Amino acid sequence: MKILLICPESRKKGLGNESIFTSMPVYKLLLNSFFKPNLTALTLAVLTPKEHVVHIIDDTVEIINFDEKYDLVGITIMTTTANRGYELADEFRRRNTSVVIGGWHASVLPEEAKQHADSVVIGEAENLWPELLKDFSKAKLKPFYKQTEKVDLGLVPPITNIRKSIKYGSFPDGIEATRGCSIGCKFCCTTNKPLYQEFRTRPINNIIEEINYLPSKFFVFIDSSLMFNPSFSKQLFRELKNFNKKFYMLGNIHDFEKDDELLKLAADAGLMQINLGLESPDQIAIDSISKKTNNVKSYASTIKKIHDYGIGVLGYFMFGFDTDTLETFDKTLNFANNIKLDLTNFMVLTPYPGTPVYSQFEKEDRIITKDWSKYDLDNVVFKPKNMTPEILQSETKRIAKEYYSSVNIMKRILRSTKIGFYPFLSTTALNLITSRWARNF
Ligand code: B12
Ligand code: SF4
């Protein structure tokens, strides 16, 4: 069979033409060197039995040729990419091509996804995708495939040559070392039990084998947090030390507070920037969303400590918690500057379907729109408690613009020269890229 896997892009509409910019050879060369399709598509590709041919299209940077004939099209959707995914699915089905939809959004709202697909995969696909392909080849495709047992991550095959053979995508090479999270922050999709929540680790040998095949020096650990099992992470970092790679990862700040060995091993392994969900400068807000790992009082000292090991720090903050007031905006801006983050993302609280926050807002009739394309952490889609949705939106934009003023960017770039060469490179590149987003926000 000839199978097409698509990663849709939420902001794209219509069937699309290549722009002058994206068709330029230099742009393609850049994409080819640094970016690949997301790990979801690569994982499904390696789970596909070898007798089938798999093509991957990253909708962010590629044009889909609907006239090319495929036996089956698989589309992965998050909430914000759901509408676009449905649009593409409808177009393929109009041309009599069967479509399967899976991913975070489809797993929570399978009946909705089914309106646009011949079959919907609910949950992780390691067991289900090969089974589905077998059924499809016998013309016995079921409407739904649901993961009922915990997936053993030893079943995730290492992604090897396929990264080199696949053209470009829109995301740096990703490596998955663990899956799931059991902290249970009320806004987070990993609370969607039992599909994604349970924390598991992959065999270190498989991860290392995968890293061996990475075409570029840079990669990202896409794990929700690579810190939930410190002894596993330490072992992984020890193994990584001789690879001469540089990487980003997500983590929880408390893990770095006291564990110097972890920091040292991470730095030696090539960690150039850690991304931390700091959420708010107010402990009361952190407590209200059950982020048990965060103690606001130790943010500044822990960030200093991470910097001392030559690692940059990106902090994520969210606006719109029920405890937030008009004062929260400037307070957060000053706080982000004072704790000397190298980069900050300011996001709007977003009630993703399947989360406790979604159930709460739904019950309180506070959801303003179910236009999923707006569920991108930039747009306000609910009624906040202590301000209007318009104020939440405009204040978030104002803070992002102030943080990314030219003067502030220069200060951060200069400061990062003291951390190390790679954190400086990363701080410079990401501040410039994110300032573009802040200007258009
Ligand atoms: C890497 C990543 C990205 C990358 C790449 C996107 C991607 N899909 O990989 C980038 C940076 C682009 C990104 C962006 C965003 N992301 Co993101 N991202 C992730 C992250 C960290 C890893 C995803 C991954 O590669 N997992 C590994 C693969 C193997 O697992 P998987 O995707 O779950 O797929 C498995 C199953 O779900 C299933 N499956 C999935 N799709 C399909 C399709 C078919 C056909 C089948 C059969 C099976 C199947 O099979 C796979 C194997 O078991 C996750 C959190 C996490 N730790 O998983 C968040 C996550 C997916 N992102 C999220 C969000 C909110 C966003 C943004 C909106 C944030 C923002 N504003 O920047 C944007 C939206 C981008 C856009 N506009 O299109 C949310 C999605 C929540 C939701 N309900 O939609 C998550 C879950 C984070 C979270 N905890 O809240 N993201
Ligand atoms: S710690 Fe991170 S991944 Fe885990 S529930 Fe909280 S926000 Fe989600």
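The values are calculated or read from the model by the stated rules, or taken from the named source; none is laboratory data. Owing to the predicted nature of the structure, the values given are computational and were not obtained by experimental measurement. So basically every Cβ, Gly included, is an ideal-geometry build from the backbone, and we count neighbours across all protein chains shown. These accessible areas exclude ligands, DNA and RNA; they are computed on the full protein's heavy atoms, side chains included. Shrake-Rupley method; radii C 1.70, N 1.55, O 1.52, S 1.80 Å.
Values computed for the structure shown
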quantity	calculated
Cα convex hull of the stretch 389-441 - mean projected area over all directions, nm²	3.6
Contour excess over end-to-end distance, with Cα ends at GLU51 and LEU414 and 0.36 nm allotted per residue	125.3 nm
FRET E, pair LYS340, GLU149, Förster distance 41 Å, beta-carbon r, rounded to 0.05	0.35
Listed pairs LYS374/LYS397; LYS340/LYS418; LYS234/LYS292 exceeding 19 Å between Cα atoms	LYS234/LYS292
Projected label distance in nm at LYS264 and ASP287, using a 7 Å step from Cα toward the beta-carbon	3.6
Long-range amide H partners of VAL348 with built H, under 5 Å	PHE319, ASP378
Range of Cα positions in the stretch 267-311 per principal axis (Å), largest first	36, 16, 12
Within the chain, percent of DSSP bridges classed antiparallel, to nearest 5	10
Cross-link partners of LYS140 among lysines (Cα-Cα below 20 Å; sequence separation of 8 or more within a chain)	LYS2, LYS114
Semi-axis lengths (Å, descending) of the ellipsoid that matches the C-alpha gyration tensor of the stretch 240-357	27, 15, 13
Partners for LYS258 among aspartates and glutamates (Cα-Cα distance below 16 Å; same-chain residues under 8 apart left out)	ASP308
The stretch 47-158 - Rg (one decimal) and Dmax (whole number), Cα, Å	13.7, 39
Zone of LYS305's modelled label, taken as backbone nitrogen in the stretch 240-262 under 14 Å from a point 7 Å along Cα→Cβ	252-262
Most to least packed among 63-69, 221-227 [average Cβ atoms within 10 Å]	221-227, 63-69
For the chain, size of Cβ-based charge dipole, Lys and Arg +1, Asp and Glu -1, in debye	760
Rounded tilt (10° steps) of 260-269 against the dominant C-alpha axis of the chain	50
Accessible-area ranking of LEU326, LEU72, largest first, probe 1.4 Å	LEU326, LEU72
Built amide H within the under 5 Å cut-off of LEU271, gap 5+	PHE247
Hull volume in cubic angstrom per residue (convex hull over the Cα atoms of the stretch 110-243)	150
For GLU279, distant residues with modelled amide H under 5 Å away	TYR316, PHE317, MET318
Residue-wise HN-Hα coupling along the stretch 76-81, computed from phi with Karplus coefficients 6.51, -1.76, 1.60 (Hz; x: Gly, Pro)	9, 10, 8, 4, 5, 9
With eigenvalues of the C-alpha gyration tensor scaled by 5 and rooted, the stretch 304-413, Å	29, 15, 12
Coordinate range along principal axes, alpha carbons of the stretch 302-366, Å, largest first	46, 27, 15
Compactness of the chain - radius of gyration and Dmax, Cα, Å	21.6, 63
Cβ-isolated cysteines (cut-off 4.7 Å), the chain	CYS7, CYS181, CYS189
